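The values are calculated or read from the model by the stated rules, or taken from the named source; none is laboratory data. Given the structure is predicted, the values throughout are model-derived calculations rather than measurements. Cβ atoms come from the backbone with ideal geometry, glycine included; neighbour counts cover every protein chain shown.
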Amino acid sequence: DTFPSTVEMSPNVWVVKFSHPQCETCKEFEPHWNKVVHGMSSDLKFAKVSVASPKGKALAKKLGALQDGLPNVRIFNLETPKATVVNGKMAKAELVMQSIHKKTRHLSERDEEGKLLGPGRAKAEL
């Protein structure tokens, strides 16, 4: 219930990480995820979904994140219906940020006053 209203219906671009607390690769990826969240443009919103909960697992299954592998990082509300950045493999923060930047670089457009047209940064647990 929270995901559609918070992420899918939002005008903002969201970067969402799906993981499980007992997944070793997810544990290894966590510090890199934290670097991504703190090192990326404030044009993006960030969220984490734990597949340890029944709701999180159902959402990950519905969106194909479980089938692609954990950890799984996806970008929502771009022109493309599915923008997966990480799928079941360990990835360094720099590579994840590079991939996110390539997929979202159009968000850095500015208005006449030089202000970013994109949304502000937010973090959420969904």
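Structural remarks
- The set of residues in region 21-79 being in a loop (DSSP other than H, G, I, E, B) and in contact (Cβ under 8 Å) with a residue 60 or more places away in the chain consists of Met40, Ser41, Ser42, Asp43, Leu44, Asn77, Leu78.
- Hey, Lys27 under 13 Å from the mean Cα position of the chain (by Cα), at pLDDT 90 or above and not β-branched (Val, Ile, Thr) or not: no
- Positions within region 31-64 being charged (D, E, K, R) and buried (at least 16 other Cβ atoms within 10 Å of the Cβ), in sequence order: Asp43, Lys45, Lys48, Lys57
- Every residue from region 1-24 that is at pLDDT 90 or above and charged (D, E, K, R): Lys17, Glu24
- Contact map, region 3-16: residues that are over 12 Å from Leu78 (Cα atoms) paired with residues that are part of a loop (DSSP other than H, G, I, E, B), Cβ distance under 7 Å, separation 6+ or inter-chain. Pairs shown: Phe3/Leu126; Thr6/Leu126.
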